[in-house]
Amino acid sequence: MSICPICNGFSHLEQSCPSCRHMMEDTGNIEQFFGPYTPYRERNDIKMSNGYLDVAHHECIHVLSCPHCGRQQTFTVKEMMGPDVYD
Ligand SMILES: [Zn+2]
Ligand SMILES: [Zn+2]
């Protein structure tokens with residue numbers, strides 16, 4: 001399986017806001033963003049409707065929020081292979 005290094009604490013996102021250059025905050029991946037109200041099947045529908053194919057490409061979509069101007073944008077994180085891949 002592949003894991004997201006951001007979600008697992010190996011790394012963290014440092015992206016500046018495209019509007020005001022303030023450092024944006026990682027609010028979590030898009031699944032956490034939509035919360036428990038979004039069941040698995042509908043998450044896939046959301047990704048498809050937005051053009052996100054993170055399941056197929058092993059990518060984790062994070063939602064970044066700017067604390068200065070309130071801008072939100074998504075950032076695609078490449079997942080890496082988990083340590084148990086050869087078990
Ligand atoms: Zn992630
Ligand atoms: Zn901003």
Filtered residue count, region 1-27, keeping only those that are of a type outside the set (Asp, Glu) and more than 10 Å from ligand 2 (Cβ to nearest atom)
15
Residue tally, condition in a loop (DSSP other than H, G, I, E, B), modelled with pLDDT of 70 or more and at negative phi, over region 10-54:
12
For region 1-9, indicate whether the set of residues that are outside any loop (DSSP other than H, G, I, E, B), at pLDDT below 95 and within 11 Å of ligand 1 (Cβ to nearest atom) is non-empty.
yes
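The values are calculated or read from the model by the stated rules, or taken from the named source; none is laboratory data. This one's a predicted model, so the numbers in the text were calculated from it and none came from an experiment. For neighbour counting, all protein chains shown are included, and Cβ atoms are generated from backbone atoms with ideal geometry for every residue, glycine included.
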